[in-house]
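Asker: Here's a structure for you.
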Amino acid sequence: MKNLVSALLVALFSLLAALPKAQACAWCRPRVEAGIHDAAYGQRLLLVLLPVALLLAAGLGLFFWDKRWLRYGTR
């Protein structure tokens, strides 16, 4: 059962990766690209990636929390 679930998840993510990305018509495309790649692009990118960094830091902190006690020997 576990192999079936993992196989279905791999198939789902492969299908999602193979789907076409966001597109715009030839008339709208320059305006869409100009709206995405403007002066605030770096700020928006950092704002989108901030939750990923926070979750990664929290996950690593929780993972290594018990190993800290083993290395230093005291609580």
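The values are calculated or read from the model by the stated rules, or taken from the named source; none is laboratory data. Note that the structure is predicted; figures quoted are calculated from it, not measured. Cβ sites come from the backbone with ideal geometry, for glycine too, and all protein chains shown count toward neighbours.
Asker: Just the residues that are modelled with pLDDT of 85 or more and of a type outside the set (A, V, I, L, M, F, W, C), please, taken from the stretch 1-30.
Answerer: Once the filter is applied, which keeps residues that are modelled with pLDDT of 85 or more and of a type outside the set (A, V, I, L, M, F, W, C), the stretch 1-30 yields SER6, SER14, PRO30.
Asker: Select from the stretch 2-41 the residues that are in a loop (DSSP other than H, G, I, E, B), under 22 Å from the mean Cα position of the chain (by Cα) and small (Gly, Ala, Ser) and write down the one among them that is surrounded by the fewest Cβ atoms within 10 Å (Cβ to Cβ).
Answerer: ALA22
Asker: Taking only the stretch 35-52 into account, find how many residues are small (Gly, Ala, Ser) and within 18 Å of ALA24 (Cβ to Cβ).
Answerer: Start the filter on the stretch 35-52 by keeping residues that are small (Gly, Ala, Ser), which leaves 35, 39-40, 42.
The next check asks that each one be within 18 Å of ALA24 (Cβ to Cβ); those that pass are 35.
Residues in the stretch 35-52 being small (Gly, Ala, Ser) and within 18 Å of ALA24 (Cβ to Cβ): 1 in total.
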